[in-house]
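Trainee: Just dropping this structure here.
Where a number appears in this text, it was derived from the coordinates with a stated rule and is not lab data. Just so you know, these numbers come straight off a predicted model, no measurement behind them. Note that each Cβ is placed from the backbone with ideal geometry, even for glycine, and that neighbours are counted across all protein chains shown.
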Amino acid sequence: MRRDRDPAGRPRNARPRDALGRPLGRAGAGGEAEGGGEARIPDDLALAGPEVARLADQLLRAGRPFHAHEVLEAAWKTGPADERDLWQGLAQVAVGLTHALRGNARGATALLRRGSQRARAYQGTYQDRTGSPSGPGRPYGIDLAAFLAASDDLAARIERHGLAEIPAADLRPGLTADVN
């Protein structure tokens, strides 16, 4: 089977996906995806840090961690090199949440922990460059300490009790701090 590619020849997956990012059937003869599909995050998404944080937060709170992962992954690939650990770590946490919603406890705990560890590496070197009222320790309004603590706690609870014991609300964490 031929792989989808963009005009520059880079691999892309144009298949439609469900709400948890699982690929659906390829488009039929009429151009419609088999079984519908969710709106995709564009492969060439380019947003500044505050917009990435806001959009990822909205997607996570809406129970769409796969889509939040795509936003965070775009920031990791196109953002400043010194922010790579932040965006990659947050993207991995989002993938961990995706695994949890798909029923994969082992994958969930591995990605939640890996993402938390990577984002913590960034947290140790963070300097507030945004000038926002969120202040130091909250890059782009992200309550990083609380988000990573929640990720670690969720991973531990999944390991101890499995996914059946996890309330749905715990799989929809907020990323940004409520700044009023």
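Trainee: Residues with amide H under 5 Å of Ile142's amide H, sequence separation 5 or more or different chain, H placed in the peptide plane at 1.01 Å from N; which?
Mentor: Here the answer is Ala177, since their amide H atoms fall under 5 Å of that of Ile142.
Trainee: To continue, here is another question. Go through region 141-156 residue by residue and turn each phi into a ³J(HN,Hα) via Karplus (6.51, -1.76, 1.60, θ = phi - 60°); whole Hz please, and just put x for glycine and proline.
Mentor: x, 6, 7, 4, 4, 5, 5, 6, 4, 5, 5, 4, 5, 4, 4, 5
Trainee: Evaluated at 37 °C with a viscosity of 0.692 mPa s, what Stokes-Einstein diffusion coefficient in µm²/s does region 49-171 have when Rh comes from the Kirkwood expression over alpha-carbon pairs?
Mentor: It comes out at roughly 231 µm²/s.
Trainee: Moving to a separate point now. Which order do peptides 93-102, 139-148 fall in by mean Cβ count within 10 Å, highest first?
Mentor: Listed from highest to lowest mean packing, they are 93-102, 139-148.
Trainee: Counting other beta carbons within 10 Å of each residue's own, what order do Glu70, Glu51 fall into, fewest first?
Mentor: Glu51, Glu70
Trainee: Is any residue of region 86-119 close enough, with backbone N under 16 Å, to a label point placed 7 angstrom from the Cα of Glu165 along the Cα-Cβ axis, and if so, which?
Mentor: Zone members listed by number: 105-106, 109.
Trainee: Can you tell me the order of 106-119, 164-177, 74-87 when each peptide is scored by its average per-residue count of other Cβ atoms within 10 angstrom, highest first?
Mentor: 106-119, 74-87, 164-177
Trainee: Right, something else. How far apart, in nm, are two points set 7 Å out from the Cα along the Cα-to-Cβ line at Arg172 and at Gln58?
Mentor: About 1.6 nm, to one decimal.
Trainee: On to the next question. Determine which residues of region 73-113 fall in the zone a paramagnetic label at Arg157 would reach in this model, i.e. backbone nitrogen under 19 Å from the point 7 Å along Cα→Cβ.
Mentor: Within reach of a label on Arg157, which here means backbone N under 19 Å from a point 7 Å along Cα→Cβ, region 73-113 contributes 93-113.
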